[in-house]
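This report concerns only the one structure given below.
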Amino acid sequence: MENALPGLTTILTVGAVTSVVVWGLLEVVKMLLRGWKAEHEGAKTPWYWSASLRLAALILGAVVGGCLFEALGTPAFPWGSSIGAGAGALCTIIVAAVKTAIKRKGSA
């Protein structure tokens with residue numbers, strides 16, 4: 001019965017912690033890359049920047065979610081990785097929506 005659906009509390013806890021960790025890791029990566037770009041004149045943001053960050057959020061989410069799920073004493077796959085990937089995707093969607101709302105408020 002290893003692949004039984006985890007409880008709602010477990011899903012929400014792993015998802016919430018994973019999304020915060022993924023957001024923090026991606027912010028560090030973005031700060032490092034922005035610093036690198038500022039040091040190199042003429043460096044432009046590549047067209048694949050947003051897609052790469054979202055893919056990184058999915059991968060990091062799956063890894064972090066799997067690690068957290070294993071720490072609870074259950075196998076990481078499939079539930080831990082799935083919850084983590086979902087939390088990583090949700091993290092990027094929420095941050096993008098909040099940034100868009102802030103930009104709209106600022107321009108109004």
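Residue 15: buried (at least 16 other Cβ atoms within 10 Å of the Cβ), in a helix (DSSP H, G or I) and of a type outside the set (A, V, I, L, M, F, W, C), yes or no? Yes: the conditions hold for residue 15.
When you look at residue 66, is it under 16 Å from residue 6 (Cβ atoms) and surrounded by 12 or more Cβ atoms within 10 Å (Cβ to Cβ), yes or no? So residue 66 passes the test. Screening 35, 42 for residues that are modelled with pLDDT under 85 and farther than 18 Å from residue 88 by Cβ leaves exactly one candidate, 42. Please work out if residue 74 is surrounded by fewer than 13 Cβ atoms within 10 Å (Cβ to Cβ), out of contact with any helix residue (DSSP H, G or I) (no Cβ under 6 Å at 6 or more places or on another chain) and of a type in the set (Ser, Thr, Tyr). Spelling it out, it is not the case that residue 74 is surrounded by fewer than 13 Cβ atoms within 10 Å (Cβ to Cβ), out of contact with any helix residue (DSSP H, G or I) (no Cβ under 6 Å at 6 or more places or on another chain) and of a type in the set (Ser, Thr, Tyr).
Of all the listed residues (47, 79), the sole one being among the hydrophobic types (A, V, I, L, M, F, W, C) and exposed (fewer than 12 other Cβ atoms within 10 Å of the Cβ) is 47.
The values are calculated or read from the model by the stated rules, or taken from the named source; none is laboratory data. Given the structure is predicted, the values throughout are model-derived calculations rather than measurements. Note that we place each Cβ from the backbone using ideal geometry, even for glycine, and neighbour counts take in every protein chain shown.
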